[in-house]
Each structure stands twice: as C-alpha cells, then as structure tokens.
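A.B. asks: Dumping the structure here so I can ask a few things about it.
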Amino acid sequence: MGRRQELEKRQTLLSRFGRLIAVESRLDALLTIIAEEVRNILDADRCSVFLVDAYKGELWTKVALGMEEKILRMPLGQGVAGFVAKTGSAANIREAYRDTRFTQELDRITGYQTRTVLAVPLKGRDSQVLGVFEVLNKSRGSFTEEDEGLLRILATMAASFIENASLYDDLRRSHLETIYRMALVAEFRDQKDTGKHLRRM
C-alpha cells in the first residue's frame, strides 16, 4: 500500500472513530468501541483503556481486549499505564521485557507475550489525566512516532466523550439510589401495597 493510500485509509478510520464514539453515552459500551477501533487503526493485537480512580489512587479497566471480562486494577505509577497516568507522558516501548516500567506479572498470569507497547494519557478539559490508552504488539515491527501522534489524536477525540459518559453514569447511579431510598421510606411508612409496589419497580 502506497503512502497516499495509507493516509487515506487512516483518515477514513479516524472519521469512523469520531462517528462511532459520538453516538454512545454508556461508559462500558463506549470504552469497548474505543478499544476495538484504536486497535484496528494502529494495527495492533490488543488495546486497553484505563481510567484513573483518584479517590483510590489507582487505574482500572473493564476493557482489556483479548482477556476475560473482569475489572483490572493497578496502583498509579505501576506498570507502563501507571507510569503514563502519573507523569502525563507517553511511552513507546520497543522491547517490553527490557523496560523497567513494564510489569511482567500479567503476561505470566495470562500466558500472553507482550513485545511492543504504546501508551498515551487521556486528558480532560482541565488537562488532568483521566486515563490511559495502552496498545500492545504492533502487527509489523514497532510503534512509530507517527503511531504515537495518531494515538494522541484519538485520545484527544475520545477524552471529552469519556468524561461525558462518566458523568452520565454517575447521574444514572445517583438517580437509581434516590429511587431506591424513596422506596425504602415508602415501605417503612406503608408496609402493605405502596412499599411492595415501589420495591418491585
């Protein structure tokens, strides 16, 4: 594929990325779409989207493509993603096992072999780090400076949608908690019909 064709292909993929993330407001679904599209655009084997939990001082993700669906957590500063989240700097690693920032523990548990890693921070409107895009094992060779620039663009595009989806999730959770508390109060006051009806709702 020629240089011009490669640029046209990436432009098409960027447009598709923008369209897909613009219509999804649920955080879990949005993160899954982002991870799939980033992996495809960068021609990589895996992509994970980590988010910062400032209260607990850690990173977490439910979206680590290629793994079973479960929440992964790690302290800020640990591993490549932790380093990127803590420093706000990108990391482009050509030989994972020779880099001190890389943690081999997950590879040992899963049997996966990480070779190359590219990770960039996701920054919110206030320039605070919201999370990290971490892409593993480019299909041919190592990640380039162009790949890093492209991943930064994708991170910038995705950050505001992730912020909005997080706020939406928080509001929805708060709304459900309010309804549940109202149901408990109603049940306490009226042990018969109203309380049972609200609890079923």
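A.B. asks: Name the residues in the stretch 113-137 that are more than 20 Å from THR32 (Cα to Cα) and open to solvent by less than 40 Å² (accessible area, probe 1.4 Å), would you? Steps first, please.
C.D. replies: At the first step, the residues of the stretch 113-137 found to be more than 20 Å from THR32 (Cα to Cα) are 113-116, 125-128.
Across the stretch 113-137, the qualifying residues are THR114, THR116.
Residue-wise test of (1) modelled with pLDDT of 95 or more; (2) under 23 Å from THR144 (Cβ atoms); (3) under 19 Å from the mean Cα position of the chain (by Cα).
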residue: LYS86; (1), (2), (3): no, no, yes
residue: ARG94; (1), (2), (3): yes, yes, no
residue: LEU106; (1), (2), (3): no, no, yes
residue: THR110; (1), (2), (3): no, no, no
residue: ARG115; (1), (2), (3): yes, yes, no
residue: ALA119; (1), (2), (3): yes, yes, yes
residue: LYS123; (1), (2), (3): no, yes, yes
residue: ASP126; (1), (2), (3): no, no, yes
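A.B. asks: Would you check if ARG181 is in a helix (DSSP H, G or I), at pLDDT 90 or above and open to solvent by 90 Å² or more (accessible area, probe 1.4 Å)? Please lay out each step first, then the result.
C.D. replies: Numbers: in a helix (DSSP H, G or I): yes; at pLDDT 90 or above: no; open to solvent by 90 Å² or more (accessible area, probe 1.4 Å): yes.
So ARG181 fails the test.
A.B. asks: Return yes or no: is ARG140 in a strand (DSSP E or B) and surrounded by fewer than 20 Cβ atoms within 10 Å (Cβ to Cβ)? Talk me through it step by step, then tell me what you get.
C.D. replies: Numbers: in a strand (DSSP E or B): no; surrounded by fewer than 20 Cβ atoms within 10 Å (Cβ to Cβ): yes.
It is false that ARG140 is in a strand (DSSP E or B) and surrounded by fewer than 20 Cβ atoms within 10 Å (Cβ to Cβ).
A.B. asks: Being touching a strand residue (DSSP E or B) at 6+ places or on another chain (Cβ under 9 Å), surrounded by 13 or more Cβ atoms within 10 Å (Cβ to Cβ), farther than 27 Å from MET157 by Cβ and modelled with pLDDT of 90 or more, is that true of even one residue in the stretch 49-70?
C.D. replies: First, pick out the residues of the stretch 49-70 that are touching a strand residue (DSSP E or B) at 6+ places or on another chain (Cβ under 9 Å): 49-53, 56-67, 70.
Of the ones still in play, those that are also surrounded by 13 or more Cβ atoms within 10 Å (Cβ to Cβ) are 49-53, 58-67.
Filter once more, so that each one left must be farther than 27 Å from MET157 by Cβ: none.
Within the stretch 49-70, none of the residues are touching a strand residue (DSSP E or B) at 6+ places or on another chain (Cβ under 9 Å), surrounded by 13 or more Cβ atoms within 10 Å (Cβ to Cβ), farther than 27 Å from MET157 by Cβ and modelled with pLDDT of 90 or more.
A.B. asks: Here is a follow-up. Among the listed residues ARG73, ARG108, identify the single one that is part of a strand (DSSP E or B) and open to solvent by 60 Å² or more (accessible area, probe 1.4 Å). Walk me through it before giving the result.
C.D. replies: Details: ARG108 fails: part of a strand (DSSP E or B).
Exactly one residue qualifies, and that residue is ARG73.
A.B. asks: Output the number of residues of the stretch 25-48 satisfying the condition of being modelled with pLDDT under 85 and open to solvent by 40 Å² or more (accessible area, probe 1.4 Å).
C.D. replies: Looking only at that region, the number is 3.
The values are calculated or read from the model by the stated rules, or taken from the named source; none is laboratory data. Treat the numbers as computed from the prediction; the structure is a model and nothing was measured. Don't worry about glycine lacking a Cβ; one is built from the backbone with ideal geometry, like all the others, and counts go over all protein chains shown. Please note that ligands, DNA and RNA were not included when accessible areas were found on the heavy atoms of the full protein model with its side chains. Shrake-Rupley method; radii C 1.70, N 1.55, O 1.52, S 1.80 Å.
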